[in-house]
1. List every residue pair whose Cβ atoms sit under 8 Å apart, with the two residues 6 or more apart in sequence or on different chains, where the first one lies in segment A:72-88 and is closer than 20 Å to B:Gly49 by Cβ and the second, anywhere, is open to solvent by 70 Å² or more (accessible area, probe 1.4 Å).
2. Facing chain A (nearest Cβ under 8 Å) and open to solvent by less than 80 Å² (accessible area, probe 1.4 Å): does that describe B:Phe36?
3. Mind checking whether some residue in segment A:20-32 is facing chain B (nearest Cβ under 9 Å), out of contact with any Lys or Arg (no Cβ under 8 Å at 6 or more places or on another chain), β-branched (Val, Ile, Thr) and in contact (Cβ under 8 Å) with a residue 12 or more places away in the chain?
4. Could you please find all residues in segment A:29-54 being under 17 Å from B:Phe72 (Cα atoms) and outside any strand (DSSP E or B)?
5. Residue check: is B:Ala12 assigned to a loop (DSSP other than H, G, I, E, B), crowded, with 17+ Cβ neighbours inside 10 Å and either more than 9 Å from chain A (Cβ to nearest Cβ) or touching a residue at least 24 places away in the same chain (Cβ under 8 Å) (or both)?
6. Can you work out which of the residues in segment B:55-77 that are part of a helix (DSSP H, G or I) and either at the interface with another protein chain (Cβ under 10 Å from one of its Cβ atoms) or not acidic (Asp, Glu) (or both) is most open to solvent (accessible area, probe 1.4 Å)?
There are 2 protein chains.
Amino acid sequence: MIRISVLYPNEAGKKFDHAYYKDKHMPLVFQRLKPFGMIRYEVDKGVAGGAPGAPAPFVGACHLYFNTLPEFQKGMGQHGQELMADIPNYTNIGPQIQISEIVS
Amino acid sequence: MIRISVLYPNEAGKKFDHAYYKDKHMPLVFQRLKPFGMIRYEVDKGVAGGAPGAPAPFVGACHLYFNTLPEFQKGMGQHGQELMADIPNYTNIGPQIQISEIVS
């Protein structure tokens, strides 16, 4: 299975609207990409880093699960523009995108 | 639910033994932390970044699921030293640790 992680670095002075992300953006992503094979998703709110008192490296993140990468790519080819255009509604942080194979 | 993500940056010239990580290290982590409340885990092998041709930001990663953060902290208090001592067996990369609340 494939995981697409979208990770928003915890940068000083930037905004991130967790409620909009969870209640509006991510349901829209799932609605658009489910017909292309998106299985499910998880939404993270950063709490802490590893060392005592350390801040979370990422303020927010999501994980999208697909059986194959081309499914995600086809879905984004169709709906990526609309989904990207919604980002400024919840953040001005540029995300890191990690595509992984879930091996265990 | 709480996710602890351990993310290994994709750094040039460093080693990462995916087989050892998946077959030895992560089963040891689960064996040690399950009695403290660890529910399950997922292991990632980095495939790509978001832009066409971009490398994965992280060569490997894992995600540990707990109901509460103190469960993880208690388990690491008991077994952290042993688990950390196993890291050089598969990598010389210093991981980023992200603790998140799974909100959706």
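1. A:Gly75/A:Pro35
2. So B:Phe36 does not fit the description; no.
3. no
4. Within segment A:29-54, A:Gly50, A:Ala51, A:Pro52, A:Gly53, A:Ala54 qualify.
5. Against the criterion (assigned to a loop (DSSP other than H, G, I, E, B), crowded, with 17+ Cβ neighbours inside 10 Å and either more than 9 Å from chain A (Cβ to nearest Cβ) or touching a residue at least 24 places away in the same chain (Cβ under 8 Å) (or both)), B:Ala12 does not qualify.
6. Only one residue tops the list, namely B:Lys74.
The values are calculated or read from the model by the stated rules, or taken from the named source; none is laboratory data. Here the structure is a predicted model, which means the values were calculated and not measured. Note: ideal-geometry Cβ built from the backbone for every residue, glycine included; neighbour counts use all protein chains shown. Ligands, DNA and RNA are stripped out before the accessible areas are found, and what is left, the full protein with its side chains, is counted by its heavy atoms. Shrake-Rupley method; radii C 1.70, N 1.55, O 1.52, S 1.80 Å.
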